[in-house]
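What follows is a short report on a single structure.
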Amino acid sequence: MDGNTTDRLSQKDNCRKEKIGSLLDEASTIARRVLDSIQTLAGTTACKGVQIARLKEWAQSNNLWIEDARTLGTFSDRGSENEVYLSLESNRVYKLNDFRYSDDNLMPFFERIRIHNRLFEDCPYVMIGMAENQSGKPCVVLTQPYILAEREATEEEITEELLRLGFHPEMEGEYFSNGYFDIFDASPNNVLMGIDGHLYFIDTIIYKSDTGGLDTYRSLSPNYSPKLH
């Protein structure tokens, strides 16, 4: 790719063609049933472990369990929640997400993926199955288009784009909110400047506003520093 007009347009158009698959909806339904059942029997929403176990059973029973994540591509990176594999042949990135940012149940995870795909439709997530990461934790396997990027976006560029989308910085820029959704971890390593001059938000944490997202993020994120607050 030499960054000409055709390349720039084709990257953005191809990204937009990616649609979230039905697997995410099926997995969400299973997790919801577990939550509803435990809420009815025990009056609690603390069911994350049971949900993960049921999802693993579902994946194994439906030929959706990936025995060896290395078949997806070459191991690239390990972030706070994702183990990342890159396939240059298919121009895809595969992420094994260990549900870190779901506190006591998985429903916020599924909501977050749907919200991400609505807000950032140029680089949506698609669920393709489940697998264990290198630490032996069951994970959902998500895929995204591989973004042809010039560099990481700057903090100023990220803020400008989120302002354009109707989000405003909160707590001196610790997160951004539009009153409906709160976006965390919109840092340069999670937002890329594509060769087409477009910003791609490839990996952020999103919660519905007024659902305790700030406290959850603070308690679960390895990037959070109590000294700042």
Interchain or long-range residues, amide H under 5 Å from Y175's placed H: E170
Under the Karplus curve 6.51 cos²θ - 1.76 cosθ + 1.60, θ = phi - 60°, whole-Hz ³J(HN,Hα) for the range 67-76, x wherever Gly or Pro sits: 5, 10, 4, 5, 6, 6, x, 8, 4, 10
Potential extension, T71-T29 segment - 0.36 nm per residue separation minus Cα distance: 12.3 nm
Estimated 222 nm signal from helices in the chain, with DSSP H stretches of n ≥ 4 weighted -39500 (n - 2.57), rounded to 500: -11000 deg cm²/dmol
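If you filter the range 59-104 for GluC sites (Glu not before Pro), then keep DSSP loop positions with at most 12 other Cβ within 10 Å, what is left?
Counting only loop positions with at most 12 other Cβ atoms within 10 Å, the GluC sites (Glu not before Pro) in the range 59-104 are E67, E89.
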The range 100-211 - percent of accessible surface contributed by carbon and sulfur, probe 1.4 Å: 45
Built amide H within the under 5 Å cut-off of I66, gap 5+: M130, A131
Surface per residue (accessible, 1.4 Å probe) for the range 80-134, Å²: 34
Distance between the range 38-110 and the range 156-229 - C-alpha centres, whole angstrom: 22
Backbone N under 13 Å from the K208 label point (7 Å along Cα→Cβ), restricted to the range 99-128: 107-115
Label-to-label distance, nm, for residues given as E57 and R164 (7 Å Cα→Cβ offset): 4.8
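The values are calculated or read from the model by the stated rules, or taken from the named source; none is laboratory data. Here the structure is a predicted model, which means the values were calculated and not measured. So basically every Cβ, Gly included, is an ideal-geometry build from the backbone, and we count neighbours across all protein chains shown. Note: areas computed on protein heavy atoms with side chains; ligands, DNA, RNA excluded. Shrake-Rupley method; radii C 1.70, N 1.55, O 1.52, S 1.80 Å.
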